[in-house]
1. Please identify, among S185, S19, S232, the residue showing maximal mean-square fluctuation in a Gaussian network model of the chain using a 10 angstrom Cα cutoff.
2. For the range 78-225, what class follows from the C-alpha gyration tensor (a ≥ b ≥ c being the square roots of its eigenvalues): rounded when a/c is under 1.5, otherwise prolate if a/b is larger than b/c, else oblate?
3. Considering only P124, P191, P154, give the residue with the highest GNM mean-square fluctuation for the chain, with springs between Cα atoms whenever their separation is below 10 Å.
4. Grab the eigenvalues of the alpha-carbon gyration tensor for the chain, scale each by 5, take roots, and send me the semi-axes largest first in whole angstrom.
5. For E123, which sequence-distant residues (separation of 5 or more, or a different chain) have an amide H within less than 5 Å of its own amide H, given hydrogens modelled in the peptide plane?
6. Around G211, under 15 Å between beta carbons, what's the net of Lys plus Arg minus Asp minus Glu among the other residues?
7. Along the charge dipole of the chain, which of F152, G245, P124 sits closest to the positive end, that is, farthest toward it, with unit charges on the beta carbon of Lys, Arg, Asp and Glu (+1, +1, -1, -1)?
8. Once you've got the GNM for the chain with C-alpha springs shorter than 10 Å, pick whichever of I157, I203, I189 has the biggest mean-square fluctuation.
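The values are calculated or read from the model by the stated rules, or taken from the named source; none is laboratory data. All values reported here derive from a predicted model rather than from experimental measurement. Here the Cβ positions follow ideal geometry from the backbone for every residue, glycine too, while neighbour counts run over all protein chains shown. Accessible surface areas use protein heavy atoms only, side chains included; no ligands, DNA or RNA. Shrake-Rupley method; radii C 1.70, N 1.55, O 1.52, S 1.80 Å.
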Amino acid sequence: MSIKTVVTLTDTSGDQVASRVAVELSKLTDAYLIGVVPNYETSYYLCTAGPMPPDYELRLQEQSAATLNKSLEGFAKHFDGAGIDGETRVTDITLGGTFDELMHLGRLSDVTVIRQDDPAKPEPMRAAMIEAMVFDTGVATLIVPHAYEKAFAPRNIAVAWDGSGPASNAAHASMSMLQNADTVSVVMITPHDEPKHSELTDIRSYFERHGVNIHLEVMSNVSGSVSAALLSTIERLNADMLVMGGYGHSRLAQYLFGGATRRVLHDMKIPVLMTH
């Protein structure tokens, strides 16, 4: 699938690594970029802070305005002069909000970009926003490590494949990037026996029909953590992007990341393109 519209959520602090990567992705794909700048209303901070002096709300309003301007400036630092088309949108977010405008814009994009939360500089409701973007937009979400310093130009891509719908959706969504990569490794990790030869042939043929020659990396009868095996494999392959499905705990809790997915997102060192 070609990428024509990219939506990114800016950060309230730091060097706006997601904005930088979104700009680089948009340049690579000639896509239109929308930077969504969250405006955390003072009610969010008041609810999290508890009872405060009478003038505290005024100070919070001033702080909120300063944070908004800083986010706008951070996005502009990467966007201005990049030679791509795009715009910024300011969206109000309150405690317990549903991120309606972010979801609306995400559903009308081809890829959304967001930074992994930084424990040293946590963003408000970041985990909930990542889960909402993966599970509720219907498009791929590119999650960027908070300490990511490299230029985003994926040439050695790993695709985690388990034959599921989310894995298939992720492969479809990343196809244009896979077609431009130098190396694509399809990683299969299973606690069971190695897949049948015919199944591996079908996988290889599918990608080849899209002009993608793949390297199959199959690990069978894995007794330990699948997520740990996946992380060690992509490190060994020296991959610069991981494509994978996002999985929930169960049908009753499908909008919450399962343990394996959460482990990958916590320990990731390269961008992860994820779909549900």
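1. Of S185, S19, S232, the most mobile in the Gaussian network model is S232.
2. prolate
3. Evaluated over the chain, the most mobile residue of the options is P191.
4. Values: eigenvalues 251, 89, 46 Å².
Output for the chain: semi-axes of 35, 21, 15 Å.
5. Long-range HN contacts for E123: D118.
6. 0
7. G245
8. Between I157, I203, I189, it is I203 that shows the largest mean-square fluctuation.
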